[in-house]
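Worksheet: one structure, shown below.
The values are calculated or read from the model by the stated rules, or taken from the named source; none is laboratory data. Small disclaimer: the values here were computed from a predicted structure and weren't measured. Backbone-built Cβ (ideal geometry, glycine too); neighbour counts: all protein chains shown.
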Amino acid sequence: MPIPAYINFMEHKLGEGWQRFFTVPNDISMSTGLVPLTNGVNIPWTTPHVISGFLVSGWRGAVLNIVQILVSTAVYYPFFRTADKLAYDTEQENERLEQQQTNTQFAEQGIVEKG
């Protein structure tokens, strides 16, 4: 199962509360003055995160984006590891079955595998 399926599953299970996980710290950081309010610049949606934070809220906005990226990485990493482990286990099982099938075919043909 691909990794996006796990991410979608997680977002489905956590619902809208998950989105508030990031909006509340943003609101708090802006309301307390840690990060200045946005300056109203319209930037293209394809602008990379740290650059967009810098353009909209200065260097503190860029730092906030870096913190968001680190938190997102920490949150999603366990799901990535689970998907990777499942894929690895499936790959190992497929290799084992393929080797077993090859050995069976050799045995049926009377070929002895060396090594």
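Listed values, structure above:
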read-out	value
Per-region count, segment 52-91, residues closer than 20 Å to D27 by Cβ and either of a type in the set (S, T, N, Q) or not in a helix (DSSP H, G or I) (or both)	5
Residues within segment 77-106 that are modelled with pLDDT under 85 and either surrounded by 11 or more Cβ atoms within 10 Å (Cβ to Cβ) or not polar (S, T, N, Q) (or both), tallied	3
Residue selected from segment 22-44 under the condition assigned to a helix (DSSP H, G or I) and small (G, A, S), by the criterion modelled with the highest pLDDT	S29
